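Below you'll find the structure, written out as structure tokens, and then a few comments.
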Amino acid sequence: MFRLSLKMTLARKGRLLLTSLAIILGTSFLSGTTIFSDTINSTFDRLFTDVFRDIDAYVRSTDSVDTGFGEQWAPSPIEALDTILGVKGVSAAVGDMQSYARVIGKDGEPLGEDQGPPTFGGIASESVAGLWNVDSGRLPVGSDEVMLDRATAEAGEFVVGDKVRVTALSGSREFTLVGVANYGDISSPGGATFALFDQPTASEFLLKPGFVDAFLVQGDGTLSDEELAKAIDAALPKSAKLETLTGAEITEETTSQIKTVLGFFTTFLTAFSFIALGIGCFVIYNVFSITAAQRQRESALLRAIGASRRQVTISLLVEALIVGLLGSIIGFVSGIGLSRLLSALLNAVGLEIPTTGLTIATNAITRIVLIGTIVTVLSAILPALRSGRVPPLAAMRDTVLDTVPKLGRRILVGLILIVLGAIGLLAALNGARVAILGLGVLGVFAGVLVLGPAFSKPVAMLLGKPVASLRGVTGSMSRQNAARNPKRTARTAAPVLIGVALVTAFTALAASVKNEIRGTIGASFRGDFALSVNSRGFGGIPTSVTDKIKVLPEVSRATGVGFIAAKVGDESPFILVFDPKTADGLYEFEMVEGAQTDLGDDEILVEADKAVEKNLVVGSSVQVTLIDGSSKQLKVAGTYKNAYGNYAVSRELFADSTSPLFDSFVYIRVASGADNDAAEKAISTVSSDLGIGTLESRDAYIDSQAAQVDQFLALIYGLLFLSVIIAIVGIIITLLLSVFERKREIGLLRAVGMTRSQVRMMVRWESVITSLFGAVTGVVLGVLTGMVIVISLNDSGFSAFTLPIANTITILIGAFIIGVVAAVFPAWRATRTEIISAIASA
Amino acid sequence: MNQNLDPKNAAARAESASKIYGSGENEVRALDNVTVSFERGKFSAIMGPSGSGKSTLMHILAGLDALTSGKVFIGDVDLSTLNDKEITKLRREKVGFVFQSFNLIPTLDAYENITLPLSLGKRDGDETWINQVIDTISLADRLEHRPSELSGGQQQRVAVARALATRPEIIFADEPTGNLDSKSGTDILTFMRLAVTELGQTIVMVTHDAVWASYADRIVFLSDGHVAGEMSNPSPEKVLEYLKHLGD
């Protein structure tokens, strides 16, 4: 039986190809992302192993705050360097820094991306313990010299001798470029930009005079790394709060930290590749169902000559196994190309992630081929069982192609799933866990997919109505063809349905978030202009800039708002930092209790829901620890609603801190009597000196803040694009099989006078109706899902939901285009139907 | 022999028509230099054993297939001068078809199937004529039924009605009774005979059954791709007698 299956599988090359296509697409994205992340990981492994090659020990503070994207350690006083150098066994040691610094290009625009790889400022040292190798020029010495990493120098077209403006914690300054360096042996680590100074300049400009982030130490070879670390630890006074790591430990830690950050990214990619594979499942299932129906006679003949049900079923499963194995292997190989494409794509949008060579882990091959094959075989189980149930007598009969599905049980199961899902959603609306929401959404999706065949016919007939009345008998046949096999229509449309539902739900979600952002900013920001940067938590506008703006004659007031990581109780959130002295009337919280005015450096404001969650009331006290390790009990002075962040503190709190505090926004009110344009001009001289930040009027600022959501949405769209391609391929395959199945019908139509262009039109409209069926159902499902998610995640209830009408229309037009595009090849095949052989196949 | 009928009187004719499939050793001469005419307003039958080329001849005459050499005319139109679009239009307007089976589009009802060639050409057709045709096949009460709801005989009657609906130059019927019981077969043949006698249509039918062939005014016999002979006003006995000696 196995050999027979193999022979039968290979005999039908066209069918083999079509089925494998779905599997190839499904697995290639998974393989692409796997190879991509394996390659990134091994690239960074090699990079840090190389960079830290000469580092035997690493000394840094014991105080840290987990920012959610890795730990941030407190600065260390430079005096410790002498202690370290004095330890027996140490041959060299230097300070190390990775602070925020933005290199401003010759055009006045900052280099690097706001939300891309980090932009660092650091120490350039000639010590062998330093991480940088001078490529050209020399190391910077003194307060007006800088060195850049080679990639940044090239990107900014800087050569040694040029003036380079750099903006950092203490403001914006111009330096002379004296050298260009490589990080290890590459031009830039991970697309980050680096501005390097001598240690005193770096400390003073980037952080605080006398402080560095950590120390790099090289031993003289007399001690092992572990012994060296112990010796340094022993020499450092307890009060210094410093700890020593071995070279291997810091390499491992840095690598894993980068991997954590990249991990978010690769998890994200993997999630979408599984969505693509899931959608691929539908296509595979559909193809097997159709081919099983088309070979009903073949199966019946096998039964008639003595094959058991089991044998017929197994023969189809064997075919699935062969196709799955073959498709997955090809999918894996094409994933290699896809991974290259992926990194090219990310490079193009500014997310330069270094990938040297190509890392293909053996377990990745096994895993992907295994997943692909299992998925294929699972998708084939139902059609295979159905084949086994074909009565032997069917061999003598004409194949029944248009099956009327038994709907009773299907409707029951579908409704049960939807009801269960709806219960989950209702629970979520009433404040149940997010996981319940997820299960509810899943239940409703599954229910709709099960119910699909029950309503695909009436909906397709309805959607086809205009086609039938506009396109005459040809349109009428398209409509009937789209509705004649409700199961097939539902299955073909399922990938479109899922894709569109996801896109619509995300779009609705984004539209609502945008509205909320507008509301929040509109309510809190009362000024005329805003100077803002996109980076939150790492760098931003030096706080000194606010003071420069404030003193402009055209400006009456200005206030800065920033964000910084801190420990609050048992959490490490980004907290909002504002200046209570200047914020009144410019940046206003929607206070529930208490007031923002006169917030002292021993007080804190808490978001109302958070306060309830943490049992905080006005007057309670909460422990806050800053990045530099300084810790304080703060008294809750009030609660607020609708602002970025769950905690807000006064700027005063950071007066003596080495925590690098930047502003993310500076809100400005124009002086009464001053002209708006003149004020804008005056402010922009300050901000263009700075080189970073965007100066916008109130309305433009609110718009652009809301528009940031679009970037995220664009990424989601991009990732769902592959699902769209799989959906298109699904329609193409189904149409091809349908055209093949209706060969005689098409031959007859051609014989009685249907022109080739009418045949094309007939197939095209059938495709459009099928695709629109999926899209319309998907939009309904997506809007409902989006609505439930928005309402359940937001306490302002239904009003928070915004229906994205324009986007919905775009999606429907997109579905129309998908239908037209998918029909091109099948329609062409249909016109090639040989009339005589089609009729003669009676 | 009636092969040199006045061209003006021919609804369809072939001149030195040859159709060769394959090449070299696999070459098959399905039609070998056939010249034949089918008279307007007559019921003609093409007979011959399997492989004699009778279906090929019909396909060629109907514009469903192209010749290797020679010429084919529908009325006075030389089919070799037409492109695919023009031939399709010609089939739609000037030719009617009845096949052995699978004659109807399953998604269209009986009436839509009958008027299909007209709808495809976006024409309304002659309503009185169509009603007359529908009356003749006595299926007026089943017009809204899908093919799957009709018996085999009823399906073939709808097919004949469709062939007649455009009032074509000529109707080709390929074993129209092949899948029917003798009662339904007789119905169809009677109806086709009626269409020629009463409605003045032209029908060419391919068959291998002497009884059905005897409904025709004239039979053309094919053998090995050649016209082997013909017979006017046939009876089943005469046809069977003729066929016995065809190989001689």
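Structure data summary
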read-out	value
Cα convex hull of the protein assembly as shown, projected area averaged across orientations, nm²	56.9 nm²
Vicinal HN-Hα couplings computed from phi for segment B:39-46 (Karplus, 6.51 cos²θ - 1.76 cosθ + 1.60; Hz; Gly/Pro x)	6, 4, x, 10, 9, 10, 10, 10
Shielding by partners - mean other protein chain Cβ count within 10 Å, residues of A:754-762	3
DSSP loop GluC sites (Glu not before Pro) with at most 12 other Cβ within 10 Å excluded, longest remaining stretch of chain A	A:158-842
Shielding of B:105-111 by partner chains, average beta-carbon count, 10 Å	5
Mean residue ellipticity (222 nm) of the protein assembly as shown, computed from DSSP H runs ≥ 4 via -39,500 (n - 2.57), nearest 500	-17500 deg cm²/dmol
Pairwise centroid distance, computed over Cα atoms, of segment A:189-222 with segment B:203-244, Å	105 Å
Per-pair calculated FRET efficiency, R0 = 25 Å: A:Arg526 and A:Asp675 via Cβ, rounded to 0.05	0.80
DSSP-defined beta bridges in segment B:7-246 - what % are antiparallel, rounded to 5	55 percent
Mean separation of Cα contacts under 8 Å (6+ apart) over length of chain A, as relative contact order %	16 percent
Vicinal HN-Hα couplings computed from phi for segment A:236-251 (Karplus, 6.51 cos²θ - 1.76 cosθ + 1.60; Hz; Gly/Pro x)	6, x, 3, 5, 6, 6, 10, 9, 10, 10, 7, x, 5, 5, 5, 4
Cα Rg, Dmax, segment A:75-240, angstrom units	16.5, 52
Computed magnitude of the charge dipole of chain A (debye, nearest 20; Cβ of K, R +1, Cβ of D, E -1)	8120 debye
DSSP bridge pairs, the protein assembly as shown: antiparallel proportion in percent, nearest 5	75 percent
Residue order, fewest to most beta carbons within 10 Å, for A:Arg309, B:Arg142	A:Arg309, B:Arg142
Shielding by partners - mean other protein chain Cβ count within 10 Å, residues of B:112-119	4
Charged-residue dipole, Cβ positions (Lys, Arg, Asp, Glu), segment B:118-184 about Cα centre, Debye nearest 20	100 debye
Distant-in-sequence amide H partners of B:His145 (H built 1.01 Å from N, under 5 Å)	B:Ala110, B:Tyr111
Per-residue HN-Hα couplings for segment B:81-86 [Karplus 6.51, -1.76, 1.60; θ = phi - 60°; Hz; x = Gly/Pro]	8, 9, 8, 4, 5, 5
Protection-proxy order for peptides A:217-225, A:164-172, each taking the mean of Cβ atoms within 10 Å per residue, highest first	A:164-172, A:217-225
Charge dipole (the protein assembly as shown, unit charges on Cβ, about Cα centre) - positive-most of A:Thr777, B:Phe38, A:Thr39	B:Phe38
Rh (Kirkwood; distinct C-alpha pairs) - segment A:583-626, Å	11.7 Å
Principal axes of segment B:117-248: Cα extent on each, largest first, Å	51, 29, 26
At R0 = 51 Å, FRET efficiency that the Cβ-Cβ distance of A:Ser704 and A:Asn615 yields, to 0.05	0.85
C-alpha long axis of helix A:309-348 to longest principal axis of chain A, angle in °	30 degrees
Environment charge at A:Arg309 (Cβ cut-off 9 Å; Lys +1, Arg +1, Asp -1, Glu -1)	+3
Extension reserve of the A:Lys106-A:Ile423 stretch, reckoned as 0.36 nm per residue once the Cα distance is removed	108.2 nm
For A:Ile123, distant residues with modelled amide H under 5 Å away	A:Met97, A:Phe197
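Values in this text are rule-based calculations from the coordinates and carry no lab data. The structure displayed is predicted, hence computed values, not measured ones. Heads up, the Cβs are rebuilt from the backbone with ideal geometry, glycines too, and the neighbour counts pull from every protein chain shown.
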